[in-house]
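Take a look at the structure set out below.
The values are calculated or read from the model by the stated rules, or taken from the named source; none is laboratory data. It should be emphasised that the depicted structure is a prediction, and the values quoted were computed from it without experimental measurement. Virtual Cβ from ideal backbone geometry, glycine too; neighbours counted across all protein chains shown. For the accessible areas, the whole protein counts, side chains as well, though only heavy atoms, and no ligand, DNA or RNA atoms are used. Shrake-Rupley method; radii C 1.70, N 1.55, O 1.52, S 1.80 Å.
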Amino acid sequence: MLQLTKNKTRLLKLFFTQSERAFYMQELGRLLRKKPGVFQKTLNNLEKEGVLTSEYRANARFFKVNKSYPIYNELKSIISKQSALILFLICFFAQLAFCAENDAKPLVFTSLTDAVRIAYKNNKDIQIQEKEVDAARADILGARSALLPDINANASYTRRGAVPAATSSISGGKDYGVYVGYKNDNQVGVSATQSIYSGGANISNLRQKQLTLKSQEEGLRAKKLDVEFETKRLYYGLLFAYENQRIAQQLLDQSKAHFLEVKDRYEHGTSSRFDLLQSKVQVSLLMPQLIQADNAVDIIKAELKKLLAFKQSVDFKVEDKLRHAPIEIKEGEFLKTAYLNKPEMIIKALGIDINKWGIKYACAGWLPQVEASADYSYRSGNLSNMFDNRHNNWDVGIAVTMSIFDGFLTKSRVDAAKARYSQAIISKDNVADQVAVDIKQAVLNMNESQAVIDSQKDNIAEAKEALKISEVRYESGVGINLDVLDAEVALAQVEQNLASGTYDYIMAKASLERSMGTQVLKEGISAYVILKERRNAKVIKVSGNMEGDDVRISFRVNGQITELLTDEGQVIKVGDVVARLNTDELSKVVAEDEAALRADEYQYALDKVDYERAEDLHKAGAISTQQRDVAKTKADSSRANMEQARASLDLAKTRLGFTDLTSQLNGFVLVKSALAGEVVQPGAPVFTAVDLNNIWVTAYINEKDLGRVKLNQSAYIMTDTYPHKKYKGWVRADNSSLDLKPGMPADAYIEIE
């Protein structure tokens, strides 16, 4: 039931007065002069009730009024008149009608993304993991609090039986009770403490919490991948069950038709009673197969309803087909993608860094702890004269604590942290080994399924032809009834084998995608596409969102990030330095290799002179051939050492050059995955960007217009951001100006010749 509140009224007025516009959160806050968070819950409720719809564009969530809402026109009229009571009653009855309509009309899934989107929204495991992410984000704030001052206000009253009398003058004109107290002791003050140095414990704890947040976010992605894989299994399993149902129904219909034909021939005396009974038995044998196929559909639908959090009374249907879409097998590329993208691999890599910081946190117990404190207070025996210069006092101090002996407590913590660090490394290697096995298994399953598909695809035409020949032969009196029955069963078996091979290939591909960490729905980029068409026009207009390939930008060497030179939402160009690493260690390696090269060059020069002298002596007969060969071998060895040192120096300089992370593309930064001060591993994403030189509009063309569209046909793109600018294109649009961004709504106009 839609109930009217003050916030809902303001929001609905805005949306209905500008029904063509989509608003993002910050824009709503600015227009309504409220903090954006005030409307978050209200917007979510309105979307849940169907009044609004939302979509993601880049990193922003846009809301728009739902013109398909059952009482859209009535609601718009009522909002304009601000009739709250009528609105409540109409929405109540409209919702009843809307629910009745939903009960009457089943939900329709036209693609896998429809089911995955609902599964993402309703799955309880995903919701639980989202709360874990929220908790990890809150833990970061708690860790940061240790770096900030702790400020407290205090007040107290104490009644004493006796207090000491002043025996000497009090400095500064202060009342003696400020120091020794009063019988009626009233005190008010403010105190502050600030940790100056904790041995690195506070920083280590903060870094651990930040890495834990990333780990939980990858855990959320892993949960979504698990849910997505299960959705694929049931969605394609339902399509497979539909196909088996169709094949069983087709076989039964063929057998019934053949039985009626045999029966007619029997009545006319051209077929035997044996053929009649044989055909009738065949029909009775096939009926249980159809019932089993029907039951399989119902069972899988029930499992899919459970996964999508639907009630079992809710009906739905899938308007899709079991399709075979083969991909090129590149096992090496698959494995590389899995190592860099699979959430479990990233979680294990983050676990190594978390435990590395855990060692530093444990080592803080051996280092001094420095803390500063300050206090300002008023103290008096009478509240009426409390706040004057005779009753105030302050103190400032600094404390240093150094553990001399803690019973080996810190040592035990350090040893345990080191053990967990080693365990994390082993655990990552173990997951990497399992990933390799999973990729290999998926590839083998795909190859096996492809072989089945290839063998059965050609057999279908042959089986249909064999059935036709057997029917003609039987009608001509040349063939026998059993040939027709066998041909019918053979055709059904080939079709079942093809459907089974297709399903197995799809699931092997789904397993491969799960191992590589590939998602059907890309976060932050809308998957909705709206089709607008004009019949018999010179252009076909389709609408959608700009999309592009996500590119992960990462260092090729490990190290500590010193600075990040771009951020989310920024445009980067080829050659731009986007991040830098600390170069101290690598510079030291270069210096050491240079020194080693100079030493090897000097040694080679000496050995070369010795060899040349030995060669001259050998020619003069002063030394033997063996002595000359020894000198030559020594010179060759020195030269090899020198070349090896030079190669080592070149490698060290190359690695030093990798400390500047440069962009290899003209892109738009979607995600910043690291912070300054973090230690990153090679291949760990620092930024994720979209290649702006390779973006497109994904749109769907009506089947009636497909014949009017040809390969390499000219087209142009227009956007709301630049309404007077056209981007010419064919297969790809010209985005040399880098104006077009992913998530940007765009219209594509295909020019008809």
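Mind ranking 257-268, 113-124 by how tightly packed they are, going by the mean number of other C-beta atoms within 10 angstrom, highest first? Spell out each step's value before the answer.
Details: 257-268: 15.2, 113-124: 17.8.
In descending order of packing, they fall as 113-124, 257-268.
Looking at the P(r) of region 168-284, how many percent of alpha-carbon pairs lie beyond 20 Å?
Working: 5229 of 6786 pairs.
Above the 20 Å cut-off, region 168-284 has 77 percent of its Cα pairs.
Hey, got a sec? Which GluC sites (Glu not before Pro) in region 601-674 land in a DSSP loop and have at most 13 other Cβ atoms within 10 Å? Provide the component values of the computation, followed by the final result.
On the way: sites: E601, E612, E615, E643; in loops: none.
Answer by residue number: there is no such site.
Pairs K48/K305; K256/K457; K124/K306; K608/K653: which exceed 22 Å Cα-Cα? Could the numbers behind the result be given before it?
Details: K48/K305 19 Å; K256/K457 26 Å; K124/K306 11 Å; K608/K653 28 Å.
Among K48/K305; K256/K457; K124/K306; K608/K653, the Cα-Cα distance tops 22 Å for K256/K457; K608/K653.
Quick one: in region 560-707, what % of C-alpha pairs are over 20 Å apart?
On the way: 7378 of 10878 pairs.
Of the Cα pairs, 68 percent sit more than 20 Å apart.
Semi-axes, largest first, in whole Å: what does sqrt of 5 times each Cα gyration tensor eigenvalue give for region 217-360?
The answer is 54, 19, 11 Å, longest axis first.
To one decimal place, what Kirkwood hydrodynamic radius in Å is obtained for region 277-362 from all pairs of distinct Cα atoms? Could you put the intermediate results ahead of the total?
Values: mean 1/r = 0.0520 Å⁻¹.
Across region 277-362, the inverse of the average 1/r is 19.2 Å.
With the full set of protein chains in place, find how many percent of the accessible area of region 187-304 is carbon and sulfur; take the probe as 1.4 Å. Spell out each step's value before the answer.
On the way: 3170 of 5540 Å².
Taking all protein chains in place, region 187-304 shows 57 percent carbon and sulfur surface.
Quote the FRET efficiency, to the nearest 0.05, computed for N152 versus V577 with a Förster distance R0 of 60 Å and r equal to the Cβ-Cβ distance.
Values: r = 46 Å, r/R0 = 0.76.
That pair, N152 with V577, gives E of 0.85.
Once the other residues with Cβ under 12 Å from the Cβ of A192 are scored (Lys, Arg +1; Asp, Glu -1), what is the net sum? List each step's numbers first, then the result.
Details: positive: none; negative: D150, E371, D375, D395.
Surrounding charge for A192 is -4.
Of all the accessible heavy-atom surface of region 305-456, with the other protein chains kept in place and a 1.4 Å probe, what percent is carbon and sulfur?
The nonpolar share, carbon plus sulfur, comes to 57 percent.
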